[in-house]
Amino acid sequence: MAFSAEEMLALYRKMLLVRRMEEKHGELLASGDIWMMGHFGTGQEAVAIGITAPLKKEDYLFPTHRGVGEFIGKGMVPKDIWAEYYGRTTGLAKGKGGLHLSDVRVGLMGLVGSLGADFAVAVGTALSSKMRGTGQVTMIYFGDGTSNQADFHPSMNLAALWQLPIVFACANNQYSELAHYRETTSTEHIAPRAAGYGVPWKIVEDGNDIQAVYAATAEAVDRARRGEGPTLVEYKTYRIAAHFTGDPGGYQPKEEIEEWKKKDPIDRFRARIIEQKVATADDLENMNREVIAEVEDAVKYAQESPWPAPEDIYQDLYA
Amino acid sequence: MTRTITYQQAINETLRQEMEKDKMVFILGEDVRVSPFGQTAGLVEQFGKERVRNTCIAESAIVGTAIGAAMTGMRPVAEIMFADFMYLAMDAIASQAASWRYMTGGQVKLPLVIRTVSGAGWAMGYNHSQSTEASFMHPPGLKIAVPSTPHDAAGLLRTAIRDDNPVLFFEHKFLFPTSGEVPDEEYAIPFGQADVKRQGKHVTVVATLLMVHKALAAADELSQEGIEVEVVDPRTLTPLDKETILASVKKTGRLVTVEESRARNGVGAEIAAMVASEGFDFLDAPIQRVGAPDVPIPYSPPLESTFIPNEDRIIEAVRRVLG
Ligand SMILES: Cc1ncc(C[n+]2csc(CCOP(=O)(O)OP(=O)(O)O)c2C)c(N)n1
């Protein structure tokens, strides 16, 4: 499938925004301006943006801890992200969530800290939209490491049993925390596990190609929306970033990182855009400047936002 | 007008009535269609398999599914077959259901109920006999109902289903066949309202679930000696009706707490701490806690009955606080 010029530029801009957001986060950490550690998704932007692009605003997404990619992809705006990261009252969770971002208005139901705790919750939102007959699709996004969590199994089983409108999207970035995933995962591929549940699956070999990511995901989302049940899609990619800012490092071979930097999804998409004459290098540089300004403005908005008052600690516990 | 129904019927008909009223209410859990204890029996004929939904054996996923459904407009009533199995869903209950609203700054609400069955005495051993309610008093964001009569079961379940927050609803297996009066008309019992099950002036006994009945039996016996025990049933542990408990202790000056599970870190520990800090001046004697010993629940009947608190131990504790 081919994107229109407009779509290409919109997706490119989102990928760029994700990269600049996370770079900024790194700078703010280094300068001591923000204290929340980052789990960046550098090198995985094509997956995060490519999987969210086929979703509608009202679809539900359960995101991962790896950076802001899918949040931006699903429509959360930088100032809402920074306000929450800064722990201010202007954050959508009023500073109570921090990295556990949510924006229910755009179907971002919340990031859980206990990996895998949202597999069944996603089954629940999918069941709910099926029972209410709303046509909404749920996507649960998770890493290769998280695929080994216990709830993966009953969630796949129930999603298949009930033919729920859900997409299981697995970013295989080859690392699970501080070790290569093959140290702790018995098989090379995650997606074929779906066959055990009678669920169709697909592997996107080049998860750094946003068009490939989009095409496979759109097919799965459409299937779900047509009421044909769940799909598991695995995207092969690579985590260029450390697991978290300040991790000990050294466990990813340098040459491996260098190899993957050459396959940077943003560089590749940029080359394609220029080659197809959708935009010039200058246009894209202008876009980059705009994106940087947007990030700076959003950070400033957060920094200038008020802190919660101590008594706010008791708000929002019960409905 | 009133009529007499069993505890099991109270639960069954309240579920039916609430499902008739609100299409968003649905039941999910293991074997809820046929229902081993009968609480959900016969509902599938009226509401169909979509709303009386059998799940696979996966407690964490049952609760997780309920959470997702609740945050998107449904009102799930999940069943965990035995209170022991609540621990398989511990993260889903204690971290996710309890905190999701708070972590999103109030962007979602979670109108869900988790019904479960507790209680020892059926010689079912350590994984089908526990009373686990105390474990859930620690995480914030949950509500906990512990009905001891058909009247309380129906009234509290109605409130639970209509509440916009996660509610844990503990049923006791020995109470299912017990009967009691309920009003003919529909009623709901607000959470956080204890019920004084027996008036007395010498000692306050706070008890829940089956222990309410043991406390009442103990009170009958003590009454023959002129000792008048007041039996207070909190009915919900979160929120806890401190006022009624404190008012009773103010009157009697003496407190005994009774629970079926271990006293250590239990329901009574929290109530005793509350009374010690907010009602110390009312107390004429140290508080006594009656509960199970600090061991898993053993199988052999003489061992199991040593585990479960009985009337004699309640009577002993009452005598101790009377000095
Ligand atoms: C239940 C649970 N166990 C462990 C962790 C700690 N932890 C955070 S991220 C992570 C690695 C996850 O790996 P993967 O799912 O492959 O995602 P990636 O970090 O590679 O994006 C771990 C173990 C956690 N957050 N939750």
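The values are calculated or read from the model by the stated rules, or taken from the named source; none is laboratory data. Because the structure is a prediction, the values reported are computed rather than measured. Neighbour counts are summed over all protein chains in view; Cβ atoms, including those assigned to glycine, are modelled from backbone coordinates with ideal geometry. Heads up: the accessible areas ignore ligands, DNA and RNA and are worked out on the full protein's heavy atoms, side chains in. Shrake-Rupley method; radii C 1.70, N 1.55, O 1.52, S 1.80 Å.
Do the sum for chain B: with -39,500 (n - 2.57) for every DSSP H run of n ≥ 4, divided by all residues, what is the mean residue ellipticity at 222 nm, to the nearest 500 deg cm²/dmol?
Values: 10 runs with 111 residues, N = 323.
That calculation yields -10500 deg cm²/dmol at 222 nm.
Give the lysines reachable from A:Lys254 as a straight Cα distance under 20 Å; neighbours fewer than 8 places away on the same chain don't count.
Result set, ordered by chain and number: A:Lys236, A:Lys262, A:Lys263.
As an exercise, identify the chymotrypsin sites (Phe, Trp or Tyr not before Pro) in segment A:250-319 lying in DSSP coil whose Cβ has no more than 14 other Cβ atoms within 10 Å.
Sparse-neighbourhood loop chymotrypsin sites (Phe, Trp or Tyr not before Pro): A:Tyr251.
Once you order the gyration tensor axes a ≥ b ≥ c over the Cα atoms, which shape class does chain A get: rounded for a/c under 1.5, otherwise prolate or oblate by comparing a/b with b/c?
rounded
Can you give the alpha-carbon Rg of the protein assembly as shown over 2.2 N^0.38 Å, where N counts its residues?
That works out to 1.09 for the protein assembly as shown.
What aspartates and glutamates does B:Lys21 reach when the alpha-carbon gap must be under 14 Å and sequence neighbours fewer than 8 apart in one chain are set aside?
B:Glu13, B:Glu186
What average count of beta carbons from other chains do you get within 10 Å of the Cβ of residues in A:311-319?
Taking all residues of A:311-319 together, the mean is 5.
Go through A:Met36, B:Met24, B:Met86 and list them by solvent-accessible area, largest first, probe radius 1.4 Å.
Ranked from most to least accessible, the order is B:Met24, A:Met36, B:Met86.
Segment A:244-288: which trypsin sites (Lys or Arg not before Pro) are DSSP loop and have at most 11 other beta-carbon atoms within 10 angstrom?
When the trypsin sites (Lys or Arg not before Pro) of segment A:244-288 are filtered for loop state and at most 11 Cβ neighbours within 10 Å, A:Lys262, A:Lys277 remain.
What is chain B's relative contact order, in percent, from Cα pairs under 8 angstrom and six or more apart in sequence?
RCO, chain B: 16 percent.
Evaluate peptide B:91-103: per residue, the Cβ atoms of other protein chains within 10 Å of its Cβ; return the mean as an integer.
5
As an exercise, identify the chymotrypsin sites (Phe, Trp or Tyr not before Pro) in segment B:158-209 lying in DSSP coil whose Cβ has no more than 14 other Cβ atoms within 10 Å. List each step's numbers first, then the result.
Working: sites: B:Phe169, B:Phe170, B:Phe174, B:Tyr187, B:Phe191; in loops: B:Tyr187, B:Phe191.
Taking segment B:158-209 and a limit of 14 other Cβ atoms within 10 Å, the loop chymotrypsin sites (Phe, Trp or Tyr not before Pro) found are B:Tyr187.
Note the angle between two axes, namely the Cα long axis of helix B:59-70 and the longest principal axis of the Cα atoms of chain B, as a number of degrees from 0 to 90, rounded to the nearest 10.
That works out to roughly 70 degrees.
About the Cα centre, and with charges only on the beta carbon of Lys, Arg (+1) and Asp, Glu (-1), how big is the dipole of segment B:2-183? Nearest 20 debye, please. Each step should come with its number before you reach the end.
Numbers: 16 positive and 18 negative charges, 80 e Å.
So the dipole magnitude of segment B:2-183 works out to roughly 380 debye.
When you look at the Cβ of every residue in B:106-113, what mean number of other chain Cβ atoms sits within 10 Å?
On the way: counts 10, 12, 5, 2, 2, 1, 1, 0.
Counting Cβ atoms of other protein chains within 10 Å of each residue's Cβ and averaging gives 4.
For helix B:311-322, what angle does its Cα long axis make with the longest principal axis of chain B, in degrees from 0 to 90 and rounded to 10?
50
Just need the relative contact order of segment B:195-322 here, percent rounded to a whole number, with Cα pairs under 8 Å and 6+ apart.
Normalised by residue count, the contact order of segment B:195-322 is 28 percent.
Given H placed 1.01 Å from N in the peptide plane, which residues other than close sequence neighbours of A:Ile34 have an amide H under 5 Å from its amide H?
Placed amide hydrogens put A:Leu29 under 5 Å from A:Ile34.
Skip the ligands, DNA and RNA, and give the accessible area per residue of segment A:267-319 with a 1.4 Å probe, whole Å².
With the other protein chains kept in place, segment A:267-319 gives 67 Å² per residue.
Could you compute the longest span of chain A free of GluC sites (Glu not before Pro) located in DSSP loops and having at most 16 other Cβ atoms within 10 Å, not counting the site residues?
A:59-176
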